[in-house]
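Below you'll find the structure, written out as structure tokens, and then a few comments.
The values are calculated or read from the model by the stated rules, or taken from the named source; none is laboratory data. Keep in mind it's a predicted model, so treat the numbers as computed, not measured. All Cβ positions, even for glycine, are placed from backbone atoms using ideal geometry, and neighbour counts span all protein chains on display.
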Amino acid sequence: MNFIETKLKGCFILEPKIIQDERGYFMESFNEKRFQEGIGQEIHFVQDNQSFSSKGVLRGLHYQTGEHAQAKLVRVLSGEVLDVAVDIRPDSETFGQHVAILLSGENQKQFFVPRGFAHGFLVLSETATFFYKCDNFYNKESEGGIIFNDPALNIEWHFKGDELIISEKDQILPTLENAKKAW
């Protein structure tokens with residue numbers, strides 16, 4: 001597994017070693033020891049989540065606050081998504097900046113999003129199955145979110161607004177400036 005740190009300290013792209021032959025392929029998708037060595041911190045995942053979505057579905061930008069903050073290791077089992085992490089750590093040099101990467105069932109890349117980041121994704125293929133591990137349990141009272149089209153974030157989603165399918169809840173999220181503080 002190759003670990004590539006992004007411009008946002010603590011966010012990593014993970015590129016697996018894929019062994020292919022005439023039968024198909026094999027890869028190790030997670031190994032706790034290698035993962036912790038690769039990101040330089042001790043993370044223990046406690047919950048796995050999976051979603052299935054259609055083209056144009058945008059989920060996010062979400063985070064958990066305080067003691068319920070979550071780090072996530074995300075990947076796409078089938079299809080293709082644009083995955084986005086936004087640094088919302090108030091003392092960070094990259095506060096308000098984001099990283100967007102393409103995750104797909106074909107490239108098998110994973111993305112580690114540490115605590116203190118908002119996260120979201122947009123489905124680019126006809127459908128996508130999205131899978132992620134969390135290092136903390138979900139807590140409804142600790143939910144936070146930022147509107148996907150906040151001009152201060154300037155995220156290029158590669159879809160027109162009227163092509164997006166967004167939940168009512170996500171359509172009324174605040175801007176980063178007005179969002180619930182992560183800490």
From Ala179, Ala118, residue being at pLDDT below 95 and among the small types (Gly, Ala, Ser) | Ala179
Answer yes or no as to whether Gln50 is within 25 Å of Asp170 (Cα to Cα) and surrounded by fewer than 12 Cβ atoms within 10 Å (Cβ to Cβ).
-> yes
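Provide a single number: the residues in the range 60-110 that are among the hydrophobic types (A, V, I, L, M, F, W, C) and within 25 Å of Gln36 (Cβ to Cβ).
Residues of the range 60-110 that are among the hydrophobic types (A, V, I, L, M, F, W, C), as a first pass: 61, 69, 71, 73-74, 76-77, 81-82, 84-86, 88, 95, 99-103.
Next, from what is left, pick out any that are within 25 Å of Gln36 (Cβ to Cβ): 69, 71, 73-74, 76-77, 84-86, 88, 99, 101, 103.
Summing the residues that are among the hydrophobic types (A, V, I, L, M, F, W, C) and within 25 Å of Gln36 (Cβ to Cβ) in the range 60-110 gives 13.
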Tell me which residues, restricted to the range 159-183, are within 13 Å of Tyr63 (Cα to Cα) and among the aliphatic types (A, V, I, L, M).
-> Leu173, Leu176, Ala179, Ala182
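Please go through the range 72-95 and give me each residue that is part of a strand (DSSP E or B) and either among the β-branched types (Val, Ile, Thr) or at positive phi (or both), ordered by number. Show your work before the answer.
Looking only at the range 72-95, we keep the residues that are part of a strand (DSSP E or B), and these are 72-78, 80-87.
Matches in the range 72-95: Val74, Val76, Val81, Val84, Val86.
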Residues satisfying the stated conditions in the range 18-48, i.e. more than 19 Å from Tyr132 (Cα to Cα) and either among the charged types (D, E, K, R) or assigned to a loop (DSSP other than H, G, I, E, B) (or both) = Ile18, Asp21, Glu22, Arg23, Glu37, Gly40
Find all pairs meeting these conditions: Cβ atoms under 6 angstrom apart; at least six residues apart or on different chains; first residue within the range 106-118 and within 16 Å of Lys7 (Cα to Cα); second residue charged (D, E, K, R) and in a loop (DSSP other than H, G, I, E, B).
-> Gly116/Arg89
Of the conditions (1) free of Cβ contacts under 8 Å to residues at least 24 places away in the same chain; (2) farther than 27 Å from Ile146 by Cβ; (3) not basic (Lys, Arg), Pro16 fails just one. Which one is it?
-> (1)
Looking at Gly40, Gly79, Gly24, which is the one that is of a type outside the set (A, V, I, L, M), over 23 Å from Ile146 (Cβ atoms), free of Cβ contacts under 8 Å to residues at least 60 places away in the same chain and surrounded by 21 or more Cβ atoms within 10 Å (Cβ to Cβ)?
-> Gly79
Is it the case that Glu106 is closer than 24 Å to Pro16 by Cβ and either over 15 Å from the mean Cα position of the chain (by Cα) or acidic (Asp, Glu) (or both)?
-> yes
Candidate set from the range 142-168 (those that are in contact (Cβ under 8 Å) with a residue 24 or more places away in the chain and among the charged types (D, E, K, R)); member that is farthest from Val76 (Cα to Cα) | Asp150
